[in-house]
Amino acid sequence: MTEQIKLSELLDQIQDTIQTRFDGEVFWIEAQIMNVKKQAQNRRCYLTLEEYENGNKTADARGVFWANNYNQIENFEKVTKQIFKDGINIICKVRVRYHKVYGLNLDIIQIDLAHTLGTLELERQQTLERLVKENPKTIQLFDGVYKTLNNRLPLPLVIGKIALITAPNSDGQRDFQQEIKLNKHQYTFSVSEFLTTIQGDNAHKLILEQLKLIEKSNENFDVVAIVRGGGSQTDFKPFDDYELAKCVAHFPFPIFTGIGHDRNQSIVDLMAREQKTPTKVASLFVERNFEFENKLIELKTNLFDLVKEQLENAKEELNNAKRIVKLSSPQAILDRGFAIITINDKIITDPKDIEDKSELQTLLRNEIIFSTVIKKTKNEK
Amino acid sequence: MKNELTYSEAFSKLEDLVEQLEDGNIQLDKLSTKVKQANELIAICESKLRSIDAEIKVATKATPTRQKKKNGS
C-alpha cells in the first residue's frame with residue numbers, strides 16, 4: 001500500500017511553498033473584474049479576476065478586498081464616477097495568499113486609478129470623435145467647444161413649458177422643483193415630469209426612451225431639463241453613451257443638463273447646455289424670465305418717456321407758433337405803438353415805393369392819418 | 001378749413017403761415033386773413049393735442065408701470 005498523507009498535510013505543504021515563494025511580495029496585475037459582491041456593511045468585497053484572449057478565458061482567480069482596503073473601492077467610484085462592477089478592466093496591486101480551507105486568493109491592496117481614468121478617457125475620446133465624424137453637419141468641434149444642432153437652438157425669450165427628465169423621489173427632482181416653485185420672482189412654470197432611473201447599466205437607454213416620449217408627446221416644450229442629484233455615488237457612464245449623446249445633439253427642444261458632478265463634463269453635457277446642478281438649471285430658467293421682464297419694463301418706461309417728450313415738444317412748438325401769430329396780427333402791431341404806412345391798402349415795407357406827392361395812409365391804433373409826401377430824405381440814424 | 005386734418009398736416013400748414021408772417025411781406029388785407037387762418041389751425045392743433053394727451057394718460061394708467069426690478073428684490 002502506498003504511503004498516504006492527510007489532505008491537510010498536503011495543503012500545508014502547498015501553503016508553505018506558496019508562502020515561501022510569495023511571502024511579503026506584491027504584484028501589479030491587469031484583469032477584468034467579475035462576480036463582484038460588495039458587502040458594504042462589513043466592508044468586504046469578493047470578486048473574480050479574469051483574463052481573456054480572443055474571447056476565451058485564459059486566467060481566473062478569486063480576489064478579495066478586506067475591510068482595511070475597502071476604501072479603495074469607494075475611492076475608485078468617487079474619482080472615476082463609475083460604479084465598481086462586473087466587466088470593468090482594472091490594474092491592481094495584489095498579494096498572494098493560500099488557505100487550506102479557502103484556497104488561493106489574491107488580496108487586493110490598491111487599484112490603479114490612473115489606468116481606469118485613462119481607459120475611460122480613451123473611450124470617451126473615441127465616442128466624441130465618432131459623434132463628430134458620423135454627424136458632420138450637426139455636431140462640430142470649434143476651438144474645443146462642441147457645437148450641436150441642439151445647443152445652437154435659440155432659446156425662447158420666456159421659458160414656460162419645461163419637460164423634466166429625472167429619477168422619481170430623487171434629490172435632483174426635489175431640488176429642481178423647489179427652485180422652480182419657490183422662485184423669488186413668483187413666475188409660474190409648467191413642468192411635465194418624465195421619470196426614470198438615471199443611474200445603472202441601462203440608464204442611457206431609459207433616458208433615451210424618455211426623450212423619445214417627449215418628442216412624440218406633440219407638446220411644444222420650451223426646454224428640456226435632465227437632472228440628477230449630486231452627493232450620492234454617481235455613475236457617469238450612461239451620459240457618455242454614443243446613442244444618447246447623438247439623440248441629445250439632434251433633439252428639437254433645447255436641453256439643459258444638471259447631472260451633479262464637478263470633475264469634468266459628460267458627453268451629453270457637451271452636446272447640450274450644461275449647468276452643474278439641478279438647482280442651477282432651474283435658476284437659469286427663472287433668471288431668463290427675469291431678464292425678459294426687466295427688458296420689458298425698460299422698454300415700457302422708455303416708450304412712455306418718449307411719448308411724453310414728444311407731446312411736450314409739440315405743445316412748445318404750438319405755443320411758439322401762437323405767439324408769432326399773435327404778434328403778427330395788424331392790431332397787435334398797432335397796439336404796441338407802431339404805425340403801418342399803406343398806399344392804396346398795400347403795406348409799404350420798402351421806401352422806394354414812396355415818391356414825392358404820394359398819398360399815404362398812416363394807420364395808428366385808433367386813427368388813420370391821410371397825408372401827402374412833400375419831402376423824402378435818408379434816415380441817418 | 002377741413003376738420004379731418006391730422007395734427008401733423010394742420011401743424012405743417014401753420015408752420016407755413018408762421019413763416020410767411022415772419023417774412024412780413026404780406027398785403028394788409030391778406031395779413032388779416034392769414035392771421036385768421038393761423039388761429040383756426042392753432043385751434044385745431046390744440047384740440048387734437050388735448051385729446052392725444054388725454055388718450056395717452058388713459059393708456060399709461062391702463063398699464064401700471066412697475067419699477068425696474070433688481071435681482072434679489
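Laboratory data are not the source of any read-out in this text; all were calculated from the coordinates shown. Quantities reported herein were computed from a predicted structural model and do not represent experimental measurements. A quick note on method: Cβ atoms are made from the backbone with ideal geometry, for glycine too, and the neighbour counts reach across all protein chains shown.
If you bin the C-alpha pair distances of the range A:7-111 every 5 Å from 0, what whole percents do you get?
Percent of Cα pairs in each bin: 2, 12, 21, 23, 18, 13, 8, 3, 1, 0.
Counting Lys and Arg as +1 and Asp and Glu as -1, each charge on the Cβ, what is the dipole of chain A about the Cα centre in debye, to the nearest 20?
Charge dipole, chain A, about its Cα centre: 1240 debye, nearest 20.
How large, in Å, is the range A:98-143 by the Kirkwood hydrodynamic radius built from its alpha-carbon pairs? Working shown, then result.
Working: mean 1/r = 0.0701 Å⁻¹.
About 14.3 Å, per the Kirkwood formula over Cα pairs.
If I build a Gaussian network model for chain A, linking alpha-carbon pairs within less than 10 angstrom, which residue out of A:LYS78, A:LYS246, A:LYS57 has the largest mean-square fluctuation?
A:LYS57
Say the dipole of the range A:7-111 comes from +1 at the beta carbon of Lys and Arg and -1 at that of Asp and Glu; which of A:ASN68, A:TYR98, A:THR20 then lies farthest toward its positive end?
It is A:ASN68, whose Cα lies furthest towards the positive end.
Give or take rounding to whole Å, what are the principal axis extents of the alpha carbon atoms in the range A:120-289, in descending order?
Dimensions of the range A:120-289 along the principal axes of its Cα atoms: 44, 34, 30 Å.
Taking chain A as the reference, fit the longest principal axis to its C-alpha atoms, fit the long axis of helix A:113-134 to the helix C-alpha atoms, and give the angle between the two in degrees, 0 to 90, nearest 10.
So the helix axis and the longest Cα principal axis differ by about 50 degrees.
Can you pick out the pairs among A:LYS38/A:LYS280; A:LYS57/A:LYS85; A:LYS295/B:LYS57; A:LYS184/A:LYS300 whose Cα atoms lie more than 30 Å from each other?
Numbers: A:LYS38/A:LYS280 34 Å; A:LYS57/A:LYS85 18 Å; A:LYS295/B:LYS57 22 Å; A:LYS184/A:LYS300 23 Å.
As for pairs spanning more than 30 Å Cα to Cα, those are A:LYS38/A:LYS280.
Can you check how the C-alpha radius of gyration of the range A:282-381 compares to 2.2 N^0.38 Å, as a plain ratio?
My calculation over the Cα atoms of the range A:282-381 gives 2.39.
Students often forget the sequence filter, so: which lysines lie under 18 Å Cα-Cα from A:LYS137 once same-chain residues fewer than 8 apart are removed?
Once the sequence-local lysines are set aside, what remains near A:LYS137 is A:LYS147, A:LYS246.
How far apart, in nanometres, would the label points at A:ILE324 and A:LEU155 be if each is projected 7 angstrom from Cα along the Cα-to-Cβ direction?
For A:ILE324 paired with A:LEU155, the spin-label model returns 5.4 nm.
Counting other Cβ atoms within 10 Å of each Cβ, which trypsin sites (Lys or Arg not before Pro) in the range A:116-171 have at most 16 and sit in a DSSP loop?
A:LYS137, A:ARG152
Given charges of +1 on the Cβ of Lys and Arg and -1 on the Cβ of Asp and Glu, with all other atoms neutral, how large is the dipole of the range A:94-192 about its Cα centre, in debye to the nearest 20?
The calculation lands at about 200 debye.
Averaged across A:321-327, how many Cβ atoms of other chains sit within 10 Å of each residue's Cβ atom?
6
Longest span of chain A, sites excluded, free of chymotrypsin sites (Phe, Trp or Tyr not before Pro) in DSSP loop with at most 12 other C-beta atoms within 10 Å?
That gives A:103-337 as the longest site-free run.
Which of the pairs A:LYS346/A:LYS375; A:LYS37/A:LYS212; A:LYS315/B:LYS36; B:LYS13/B:LYS36 have their Cα atoms more than 24 Å apart in this structure? Numbers along the way, then the final one.
Details: A:LYS346/A:LYS375 21 Å; A:LYS37/A:LYS212 35 Å; A:LYS315/B:LYS36 20 Å; B:LYS13/B:LYS36 13 Å.
Long pairs (Cα-Cα over 24 Å): A:LYS37/A:LYS212.
Between 0 and 90 degrees, rounded to the nearest ten: what's the tilt of helix A:71-80 against the longest Cα principal axis of chain A?
Compared with the principal axis, the helix lies near 40 degrees.
Of all DSSP beta bridges located in the protein assembly as shown, what percent are antiparallel, nearest 5? Let's see the in-between values first.
On the way: 43 of 62 bridges.
Within the protein assembly as shown, antiparallel bridges account for around 70 percent of the total.
Taking amide H positions as placed 1.01 Å from N in the peptide plane, with prolines and chain starts having none, which residues 5 or more places from A:ARG44, or on another chain, fall under 5 Å of its amide H?
A:GLN39
If you filter the range A:271-339 for trypsin sites (Lys or Arg not before Pro), then keep DSSP loop positions with at most 11 other Cβ within 10 Å, what is left?
Here the sparse-neighbourhood loop sites are A:ARG336.
Pulled fully out, how much extra length does the chain show between A:LYS375 and A:GLN310, if you take 0.36 nm times their separation in residues and subtract their Cα-Cα distance?
Working it through step by step, the gained length comes to 17.9 nm.
Measure of size requested: the Rg and Dmax of the range A:331-372, with Cα atoms as the atom set and Å as the unit; please supply both.
Cα radius of gyration and Dmax of the range A:331-372 are 10.4, 30 Å respectively.
Given H placed on each backbone N at 1.01 Å, which residues far from A:TYR52 in sequence or on other chains put an amide H within less than 5 Å of it?
For A:TYR52, whose amide H was placed from the backbone, the distant partners under 5 Å are A:THR58.
Would you list which aspartates and glutamates come within 15 Å of A:LYS376, measuring only between C-alpha atoms, while excluding same-chain residues fewer than 8 positions from it?
The qualifying aspartates and glutamates are A:ASP350, A:ASP353, A:GLU355, A:ASP356, A:GLU359.
Which whole number in µm²/s is D for chain A by Stokes-Einstein, with the Kirkwood Rh taken over Cα pairs at 37 °C and 0.692 mPa s?
Rounded to a whole number, D works out at 114 µm²/s.
Among all the aspartates and glutamates, which ones have a C-alpha under 17 Å from A:LYS326's C-alpha, if same-chain residues fewer than 8 places away are not counted?
Counting by Cα, and skipping residues close in sequence, A:LYS326 has these aspartates and glutamates nearby: A:GLU316, A:GLU317, A:ASP335, B:GLU15, B:ASP16, B:GLU19, B:GLU22, B:ASP23, B:ASP29, B:GLU40, B:GLU46.
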